[in-house]
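Read through the structure below, which is laid out as structure tokens, and then see the notes.
The values are calculated or read from the model by the stated rules, or taken from the named source; none is laboratory data. Everything numeric in this text was worked out from a predicted model, so none of it was measured. Cβ: placed from backbone, ideal geometry, glycine included. Neighbour counts: every protein chain shown.
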Amino acid sequence: MATSYLEHNAALMAHLRDILVAVGENQQVEEESHALFLERFDEVLHDLRQEEQEHYLGQEVICQVFQRYPQIAHLVPRDLLWFFGGDCLHFMPDEEIAIFQAVDERRFEAQEAGQDFDWVRELQLMALPENSPRH
């Protein structure tokens, strides 16, 4: 069963939080500053799960992950960059943005038609090479 788009991104945020906790446990960052950042991250995650998310707060937190923790930048789920948009898109190449845009358009079309939509599956299909069957 497909999860909702919001649930999918909340799960990715929770996963990213686990990575951030591990970075702190390995003493790779200043402890007090890290603890304060995790508190702010938790607020964004809580608001996201409550569907009260202001995207600019999420953008700010995700961008700070890249600035504060460059050692884990490659572990930040690409879906979160697209989900929060704005300044987060600076961390995505144009080709990747085009793929996410196409999947998002398909999501909106499915939503308007009252159809189920599996974000992960559609993203995987869009990432296939051009000559591969997509459906």
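Can you tell me which residue within the range 16-30, out of those that are among the aliphatic types (A, V, I, L, M) and either buried (at least 16 other Cβ atoms within 10 Å of the Cβ) or under 12 Å from residue 75 (Cα atoms) (or both), is farthest from the chain's Cα centre (by Cα)? Working first, answer last.
Here is the first cut: in the range 16-30, the residues among the aliphatic types (A, V, I, L, M) are 16, 19-23, 29.
Cutting the leftovers down to either buried (at least 16 other Cβ atoms within 10 Å of the Cβ) or under 12 Å from residue 75 (Cα atoms) (or both) gives us 16, 19-20, 23, 29.
Values: 16: 9, 19: 14, 20: 14, 23: 19, 29: 23 Å.
My answer is 29.
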Residue check, residue 56 more than 20 Å from residue 22 (Cβ to Cβ) and in the same structural domain as residue 33 (by TED's automatic domain parsing): yes
Restricting the first residue to the range 96-118 and requiring it to be more than 14 Å from residue 8 (Cβ to Cβ), which pairs with a second residue that is basic (Lys, Arg) meet a Cβ separation below 9 Å and a spacing of at least six or different chains? 96/78
